[in-house]
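Colleague: The structure that follows is given in the form of structure tokens.
The values are calculated or read from the model by the stated rules, or taken from the named source; none is laboratory data. Just so it is clear, the model here is predicted, and its values are computed rather than measured. Neighbour counts are summed over all protein chains in view; Cβ atoms, including those assigned to glycine, are modelled from backbone coordinates with ideal geometry. These accessible areas exclude ligands, DNA and RNA; they are computed on the full protein's heavy atoms, side chains included. Shrake-Rupley method; radii C 1.70, N 1.55, O 1.52, S 1.80 Å.
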Amino acid sequence: MKMSVVTDPAPAGERHGLSRLRGRRPGMMLAALLGGMFLGNVDIAVVNVAIPSIRDQLHASGGELEMIVSGYTLAYAMLLITGARLGEIRGRRGMYLIGLAVFTVSSLACGLAPNSACLVGARVVQGVGAALMVSQVLTSIQVHFDGAARRRALGAYTGVLGASSVIGQALGGVLVSADIMGTGWRPIFLINVPIGVVLMVVAYVFLPDDEASPERKRLDVPGVALLSLGLFLLVTPLVLGPDAGWPVWTWLCLALSLPVFVLFARVERAVARRAGDPLMNVALLARRQVALALVSQAATRAGYFALLFVLALFLQQGLGRSAVYSGLVPIAWVATFALVGPVLGRAGARARMLAAPVGGLLMALSFAAMAAGAHSTGWLIVLLGIGGVGYGAAFSGTLAHLTESVDARYAPDVSGLFNTTLQVGGTLGVAVFGSVYLDLVTRGRVPADAFGMTSAALAVVSAAAAALILYAERATPEAARRETSAV
């Protein structure tokens, strides 16, 4: 089915972009965008499998290993909102190509790193490139596709996001085990280089060179500094705190992040009042349908990442299963998650509206059954499949709600907020629920009981997420609801 392109009235900069897009192939444009997002998300998961090999070959310390994994995530999470705004100011095509180039070159540097310090630095730069690249994807979809075409594009977005998690886990294991020409872990990074070069050619040809704002907008440097500081103070302790045993500095960072975010909001409002160019339109967060949808998405993302972390510990430490077994079983969740988006993209308006709350309830059902003791292989596969369907519906439904209830001129804000919510929510889930499980085991609980109590808590969080997104959808303005039902 051929994808349609936006024809609705748009701001001047967007109309200019659409005039050039008509001569392009929307399918190839979408492939170029999703290809970059695929690479960026694969590299979040692929390194976990290679950590033992990296430790042995580079003699890396525990702290260095943590930063090899977390340095990428930190840089990635901190720059998603800034990257989306840079795309609006300087042009999404240009920023996407710059991000892809930085990602590709830094992947080469990772693969050739002579020591762990160089690898840590290259991973941070790689995260910067991924943020600049990935932050343009959702914005471009929201701006250049409309109606059924946008729903199909968002379905593909969800599918690629899910598939990248599966492939990241599997590919890392295959490449490290193959030990190609004695290179050990290095191919997990070097494989990005030829793929990145091909994607740069495709993106250069098929992405419209038309998206820079016609107005003389400037990057809000104070806003960038405050937002980056706030995210750094929030994400760093969440990433490093569990392994460090939650020392005092982690709690100080978390406490300090709140006033920094408050100051950021005040600065952004002041910039907007002066008719300036704020980094983020914080007024969006005052809209109930947006704020509640983001909180709901953070909760379901936290549940998903917490499950992957806690389940791996429980299967190996509690049930005595192998690492291979604990890596394969969660594929039932990830695979069903990847299937839901494309299906929902072709569903009607009512199905899309109900998808997110129903999805949250399915996640709650899955967690509740695991809390009740359904731990056999067959039951786990069934329940993880149900949970994956639920998370896929919650993810796709929330994304559709956000993109359909907010005007296209806010596309950079929606993209930055949504992607940052995913990163922070996932990190928060591992930090909080991973710590709960480990603390219960440390205090003498048998692993099955600890897993059951953690799963019960995740069921409550998922049910709350379902209630939040249902309330958010009811808060959607009636005009937006009628427009959504018409497509």
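Colleague: Take the alpha carbon atoms of the range 132-188, find their center, do the same for the range 418-443, and report the distance between the two centers in whole angstrom.
Modeller: 23
Colleague: Over the heavy atoms of MET28, what accessible area does a 1.4 Å probe trace out, to the nearest 10 Å²?
Modeller: Solvent-accessible area, nearest 10 Å²: 60 Å².
Colleague: Hey, can you find the accessible area per residue of the chain for me, probe 1.4 Å, expressed in square angstrom?
Modeller: Here the residues of the chain average 40 Å² of exposed surface.
Colleague: Please report the net charge: other residues with Cβ closer than 14 Å to the Cβ of LEU285, K and R +1, D and E -1.
Modeller: Its environment carries a net charge of +2.
Colleague: While we're on this one: Using the Kirkwood formula over every pair of different C-alpha atoms, what hydrodynamic radius in Å results for the chain?
Modeller: Over the chain, the inverse of the mean reciprocal pair distance is 22.8 Å.
Colleague: What does the C-alpha gyration tensor say about the overall shape of the range 143-290? Classify as rounded when a/c is under 1.5, otherwise prolate if a/b is larger than b/c, or oblate.
Modeller: oblate
Colleague: Tell me, what is the percent relative contact order of the chain, built from C-alpha pairs under 8 Å that lie six or more residues apart?
Modeller: It comes to 21 percent, rounded to a whole number.
Colleague: Additional query: Roughly how far apart, in whole Å, are the Cα centres of the range 36-109 and the range 338-390?
Modeller: 30
Colleague: Within a Cβ distance under 14 Å of LEU100, other residues only, what is the Lys/Arg minus Asp/Glu net charge?
Modeller: +1
Colleague: With an 8 Å cut-off on Cα pairs and a minimum separation of 6 or more residues, tell me the relative contact order of the range 336-487 in percent.
Modeller: The value is 39 percent.
Colleague: Then there's this: Indicate the gyration tensor shape class of the range 97-181 (rounded, prolate or oblate), computed on the Cα atoms with a ≥ b ≥ c the square roots of the eigenvalues: a/c under 1.5 is rounded; otherwise a/b larger than b/c is prolate and the rest oblate.
Modeller: Because a/c hits 1.5 or more and a/b fails to exceed b/c, the range 97-181 counts as oblate.
Colleague: Another question, then. Counting only other residues whose beta carbon sits under 11 Å from that of ALA472, what net charge do I get with K and R as +1, D and E as -1?
Modeller: So the environment of ALA472 carries a net charge of +2.
Colleague: Rank these residues by their accessible area, most exposed first, probe 1.4 Å: ILE98, ILE191.
Modeller: Ranked list, largest accessible area first: ILE98, ILE191.
Colleague: I've got another one for you. Hey, if we sort HIS375, HIS59, HIS144 by accessible area with the 1.4 Å probe, largest down, what's the order?
Modeller: From most accessible down to least: HIS59, HIS375, HIS144.
Colleague: Next question, about the same structure. How would ASP56, ASP179 line up by accessible area, probe 1.4 Å, largest first?
Modeller: Highest to lowest solvent-accessible surface, that is ASP56, ASP179.
Colleague: Can you give the accessible area of LEU58 in Å² (nearest 10), computed on protein heavy atoms with a 1.4 Å probe?
Modeller: 20
Colleague: From the Cα gyration tensor of the range 413-466, with a ≥ b ≥ c the square roots of its eigenvalues, which class applies: rounded if a/c is under 1.5, or else prolate if a/b is larger than b/c, or else oblate?
Modeller: It comes out oblate by the Cα gyration axes.
Colleague: Hey, what did the range 194-350 get for relative contact order, percent, Cα under 8 Å, at least 6 apart?
Modeller: 16
Colleague: Quick one: which residues, 5+ away or cross-chain, put their amide H under 5 Å from the amide H of PHE145? H built at 1.01 Å from N.
Modeller: VAL6
Colleague: Share of the chain's accessible area from carbon and sulfur, percent, 1.4 Å?
Modeller: Accessible surface attributable to carbon and sulfur in the chain totals 67 percent.
Colleague: Using helices alone, I'd like the mean residue ellipticity at 222 nm for the chain: each DSSP H run of four-plus residues gives -39500 (n - 2.57), total over residue count, nearest 500.
Modeller: Mean residue ellipticity, 222 nm, calculated: -27500 deg cm²/dmol.
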